[in-house]
C-alpha cells in the first residue's frame with residue numbers, strides 16, 4: 001500500500017509539473033503575440049520614420065559627393081573655387 005502512494009504522488013507531481021510547463025509556454029506565446037500586435041499598430045509610423053531616414057541617408061551621400069567635388073576643384077584651381085563659393089553665403 002505504501003508503494004502505491006509513492007507512485008501516485010510521483011505521477012501526480014509529474015502531471016502538475018507538465019501542466020505548469022504548458023501554462024508557462026502558453027504565457028510566453030501570448031506575450032509574443034501581444035508584442036507583435038503592438039509592433040503592427042506602430043508600423044505606419046515606423047514606415048514614415050524609415051522613409052525619412054532613407055531620405056536623410058541619400059542627402060548625406062549626395063552632400064558627401066559635392067564635398068569631394070569641391071575639394072578636388074580647390075586642389076586644381078583655388079581661384080576658381082573661391083570665385084564659385086563667394087556667392088554661396
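The values are calculated or read from the model by the stated rules, or taken from the named source; none is laboratory data. Remember, predicted model here, so these are calculated numbers, not experimental data. In this analysis, Cβ positions are derived from the backbone assuming ideal geometry, glycine residues included, and neighbour counts consider all displayed protein chains.
A few notes on this one:
- The one condition in (1) at pLDDT below 85; (2) surrounded by 10 or more Cβ atoms within 10 Å (Cβ to Cβ) that residue 2 fails to fulfil: (2)
- Number of residues in segment 70-87 that are part of a helix (DSSP H, G or I) and surrounded by 10 or more Cβ atoms within 10 Å (Cβ to Cβ) equals 12.
- Some residue of segment 36-45 being at pLDDT below 85 and outside any helix (DSSP H, G or I): yes
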